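The values are calculated or read from the model by the stated rules, or taken from the named source; none is laboratory data. Keep in mind the model is a prediction, meaning the values are calculated, not measured. No Cβ is skipped: glycine too gets one built from the backbone with ideal geometry, and neighbour counts run over all protein chains shown.
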Amino acid sequence: MPVLATNRKAHYLYQILKKYEAGIQLEGWEVKSIRQRRISIKDSYVKLVGKELYLINAHIAAYQKTREESVKTRRSRKLLVKKNTILYLKGELARKGLTIAPLTVYTKRSLIKLEIALVKGKKGFEKRRKERKDSIRRQAEIDVKEALTPAS
């Protein structure tokens, strides 16, 4: 499962509750461009419209051999998810503070898949607490490495 793009910002901003796999409805040039890792989902989000999910604001760079006038790099793309999953997500989104965020784009066999997640926004103090824990863990790893390294 080679990962083609990730949304690191999502892990920082949101608490991930449940993950799902979704297909993406793409044009031919988009598939070729994604396989070259020319996709960014950093500022994108998933929106529920009626009974369908859409990936909004994902940037797929134009494939080199495509006509420029026919290319829309930031168009909305339909996500292919089972009907039961969409109905479940619709019910969960009715709860306060929940949303759907894209996490990673990857290939599965010959298909391009998007990992989406039901997420809850983190508060400022939760982000600071995680940063503090990470810096303490990093410092401990450095200290252990220095203690194990023989002095010259």
Notebook entry, point to check: On the given criteria, is Lys82 of a type in the set (D, E, K, R), more than 15 Å from the chain's Cα centre (by Cα) and modelled with pLDDT of 90 or more?
Noted result: yes
Next item on the list: Of the conditions (1) basic (Lys, Arg); (2) in the same structural domain as Ser33 (by TED's automatic domain parsing); (3) modelled with pLDDT of 90 or more, Arg95 clears all except one; give me its number.
Entry: (3)
Item checked: Close pairs (8 angstrom Cβ cut-off, 6 or more residues apart or separate chains): among the β-branched types (Val, Ile, Thr) in region 15-31, surrounded by 13 or more Cβ atoms within 10 Å (Cβ to Cβ) and not in a strand (DSSP E or B) anywhere -> Ile16/Ala10
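Condition test on Glu126, is it among the acidic types (Asp, Glu), surrounded by 10 or more Cβ atoms within 10 Å (Cβ to Cβ) and either over 29 Å from Pro2 (Cβ atoms) or within 21 Å of the chain's Cα centre (by Cα) (or both)?
Yes, satisfied.
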Notebook entry, point to check: Hey, does region 16-32 have a residue that's among the aromatic types (Phe, Trp, Tyr), in contact with a Phe, Trp or Tyr (Cβ under 8 Å, 6 or more places away or on another chain) and not in a loop (DSSP other than H, G, I, E, B)?
Noted result: yes
Check: When you go through Ala10, Ala94 one by one, which is the residue that is free of Cβ contacts under 8 Å to residues at least 24 places away in the same chain and among the hydrophobic types (A, V, I, L, M, F, W, C)?
Finding: Ala94
Check: His11 versus (1) more than 14 Å from the chain's Cα centre (by Cα); (2) outside any strand (DSSP E or B): which is the lone unmet condition?
Finding: (1)
Next item on the list: Kindly provide the set of residues from region 4-42 that are more than 11 Å from Leu103 (Cα to Cα), out of contact with any strand residue (DSSP E or B) (no Cβ under 8 Å at 6 or more places or on another chain) and not polar (S, T, N, Q), ordered by number.
Entry: Tyr12, Glu27, Gly28, Trp29, Lys32
Next item on the list: Could you tell me whether region 106-121 includes any residue that is farther than 29 Å from Val31 by Cβ and either surrounded by 11 or more Cβ atoms within 10 Å (Cβ to Cβ) or not assigned by TED's automatic domain parsing to the domain that holds Arg8 (or both)?
Entry: yes
Margin query: Here are the criteria: (1) without any contact (Cβ under 8 Å) to a residue 60 or more places away in the chain; (2) touching a strand residue (DSSP E or B) at 6+ places or on another chain (Cβ under 6 Å); (3) assigned to a strand (DSSP E or B); (4) farther than 26 Å from Gly124 by Cα. Tell me which single one Lys47 does not satisfy.
Written below: (4)
Next item on the list: Say whether the condition of being within 17 Å of the chain's Cα centre (by Cα), exposed (fewer than 15 other Cβ atoms within 10 Å of the Cβ) and closer than 30 Å to Lys130 by Cβ is met by at least one residue in region 22-41.
Entry: yes
